[in-house]
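The values are calculated or read from the model by the stated rules, or taken from the named source; none is laboratory data. Only a predicted model underlies this, so the values are computations on that prediction, with no experimental measurement involved. Here the Cβ positions follow ideal geometry from the backbone for every residue, glycine too, while neighbour counts run over all protein chains shown. Quick note on the areas: whole protein, heavy atoms, side chains included, nothing else; ligands and nucleic acids left out. Shrake-Rupley method; radii C 1.70, N 1.55, O 1.52, S 1.80 Å.
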Amino acid sequence: MRDKPIFDYWVLSFFVPVGVVFLLNGVVRPLMGSALGGTMVRTSNNIRRGDIWWIFDDATRADHPLLTGFLADYSNGAIALTGVVTVIGLMTAGWVVKQVRSRLPR
């Protein structure tokens, strides 16, 4: 008899990507942008909070191309959308595995 896992697959497939996106957008990106001396660009609309990305001078972009590319080329909204797509993909994969396992003979 198998023990029941502490966390179900469905819970992990939702909360892990959402937690990673929350930490990236709320903690890591602002700290990295400030540490590299970037300027935060914030667009806003009247419905919800706007999108955020960073702008760097040419010297900083030349010194740290990967970090500045991550902060400047990908906005918080793009990272959040990637998290949503990841959740949908993980949930779909879990559903497919469950369907295949239920059809296999025991």
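Counting the residues of segment 64-75 that are part of a helix (DSSP H, G or I) and open to solvent by less than 30 Å² (accessible area, probe 1.4 Å) gives 4. Among all positions in segment 9-30, there is no residue which is exposed (fewer than 13 other Cβ atoms within 10 Å of the Cβ), touching a strand residue (DSSP E or B) at 6+ places or on another chain (Cβ under 7 Å) and β-branched (V, I, T). Assessment of segment 84-95 against the conditions (in contact with a strand residue (DSSP E or B) (Cβ under 7 Å, 6 or more places away or on another chain), modelled with pLDDT of 90 or more, within 23 Å of V16 (Cα to Cα) and open to solvent by less than 30 Å² (accessible area, probe 1.4 Å)) yields no matching residue. Condition test on M40, is it of a type in the set (A, V, I, L, M) and not in a helix (DSSP H, G or I)? It is true that M40 is of a type in the set (A, V, I, L, M) and not in a helix (DSSP H, G or I). Given the criteria β-branched (V, I, T), open to solvent by 80 Å² or more (accessible area, probe 1.4 Å) and out of contact with any Asp or Glu (no Cβ under 6 Å at 6 or more places or on another chain), does T39 qualify? Criteria met by T39.
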